Amino acid sequence: MNQRINPLVWNDGVLRLVDQRYLPHTINYIDSKNLEDAHMAIKDMVVRGAPLIGFSALYGMALWLKGQTSLTSDSITQARKYLESARPTAVNLAYEASRAQKLIEASLSEGMKVADIYDRLVNFANQEMIKLGNDNLEMAKTAAKHLAELYGDRPLRLMTLCNTGFLACGPMGTALGVISHLNQLKRVEKVFAFETRPYLQGSRLTAFELCQENVPHQIVVEGAMSYLMRTQKIDAIFIGADRIVANGDTANKVGSSSLAIVASHYKVPFFVVAPVSSFDTSLESGDQIEVEMRDPKEILCLKEQRIAPNESDAFNPSFDITSAAHIEGIICENGLISPVTKSKLLSVVNL
């Protein structure tokens, strides 16, 4: 395979993003040069994955700063809220946009000029990207250690949904970063990657990353998950998260909840891998999470060609809510949360 692509690059005041809608066969780049460009890239899924959406927000606020001559609290808040409106479920978007606002306001109160605040925010985002790579590795090491306790050092048969690798979640990735790390340790026998309708992040993006890492894998439709677990020995399942609330309920790509329920039936350990920035402990349960509804055309059409009857409509939630009761453990950079209880979660997240 070719050298690994970088899905997000900040260079000389421009946020260059790989347009992930066209992967794996076409590599297109989109340059975001202002706040509106960044909002479009997030909303239209040019960039995706909770952590990279968050970093697009950080750099998006920097793009907004670049065009300002003066700042007010109201204008900063307006820019932040505009970015947050692009995709409501991924907490990283609001988390990073809010951090950007706090940095800007603190710098403004120190009497800094707009140009200097811009430089400070860009430097902050660059350093946080480095930290995310280190955090990715810590999560992978924690998962590898726990699996060794369960299975020893034998090669494992694993499952994953959507795409949670370097295209979505940082230099290494979260759930797919675990699999990549295990592969480097020669502890992967095979990965079953669900195709992930309707955007096919599994068959397009996760398979692309697995090919780049030379990981043995097969692509599977979500409808086959029960038969797969019934007939194939699966050792563990890893998914990412767009929002994890105080009791451990997790919003992730639609299909995650079904996968967790089926895994519970077949007694397959089900793990969520996500950075602390994906936790929202201000919410008590998954019932409080706002789930993004996508355009019905994503289901009714294929490559912009209508495939369903013209009279048909579609129900198209981008995410669902996995109950903490079906999650074996949640892994973040601070460690493993298992069993998944509110007290255990808060003690690990707040380290």
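Details
- Qualifying residue in the range 300-315 (condition: in contact (Cβ under 8 Å) with a residue 24 or more places away in the chain, outside any loop (DSSP other than H, G, I, E, B) and either under 25 Å from residue 54 (Cβ atoms) or not small (Gly, Ala, Ser) (or both)): no
- In the range 195-207, the residue that is modelled with the highest pLDDT out of those that are part of a loop (DSSP other than H, G, I, E, B) and among the hydroxyl-bearing types (Ser, Thr, Tyr) is 196.
- Test for residue 112: is it farther than 18 Å from residue 274 by Cα, surrounded by 23 or more Cβ atoms within 10 Å (Cβ to Cβ) and not assigned by TED's automatic domain parsing to the domain that holds residue 224: no
- Criterion violated by residue 141 - all others in (1) closer than 30 Å to residue 74 by Cα; (2) charged (D, E, K, R); (3) in a helix (DSSP H, G or I) satisfied: (1)
- The residues of the range 1-34 that are of a type in the set (A, V, I, L, M, F, W, C), more than 21 Å from the chain's Cα centre (by Cα) and within 15 Å of residue 59 (Cα to Cα) amount to a single one, 14.
- Of all residues making up the range 208-259, the number that are among the acidic types (Asp, Glu), more than 17 Å from residue 163 (Cα to Cα) and surrounded by 23 or more Cβ atoms within 10 Å (Cβ to Cβ): 1
- Condition broken by residue 91, with the remaining ones in (1) at pLDDT below 95; (2) farther than 22 Å from residue 275 by Cα satisfied: (2)
- Candidates 133, 60 - the one that is of a type outside the set (Asp, Glu), touching a Gly at 6+ places or on another chain (Cβ under 8 Å) and assigned to a helix (DSSP H, G or I): 133
- Selection count, the range 67-86, where residues are touching a Leu at 6+ places or on another chain (Cβ under 9 Å) and either within 11 Å of residue 42 (Cβ to Cβ) or part of a helix (DSSP H, G or I) (or both): 7
- Residue within the range 43-57 that is assigned to a helix (DSSP H, G or I) and among the aromatic types (Phe, Trp, Tyr) present: yes
- Test: residue in the range 46-68 that is touching a residue at least 40 places away in the same chain (Cβ under 8 Å) and exposed (fewer than 15 other Cβ atoms within 10 Å of the Cβ): no
- Only one entry in 120, 154 is assigned to a helix (DSSP H, G or I) and more than 29 Å from residue 23 (Cβ to Cβ), namely 120.
- Filtering 240, 248 for residues that are small (Gly, Ala, Ser), farther than 23 Å from residue 25 by Cα and under 16 Å from the mean Cα position of the chain (by Cα) leaves a single hit, 240.
- Subset of the range 303-318 [touching a Lys or Arg at 6+ places or on another chain (Cβ under 8 Å) and of a type in the set (Ser, Thr, Tyr)]: 318
- Qualifying residue in the range 343-351 (condition: of a type outside the set (Phe, Trp, Tyr), exposed (fewer than 13 other Cβ atoms within 10 Å of the Cβ), in a strand (DSSP E or B) and outside the structural domain of residue 21 (by TED's automatic domain parsing)): no
The values are calculated or read from the model by the stated rules, or taken from the named source; none is laboratory data. Everything quoted here is computed from the prediction, not taken from an experiment. Here the Cβ is made from the backbone with ideal geometry for all residues, glycine too, and neighbour counts use every protein chain on show.
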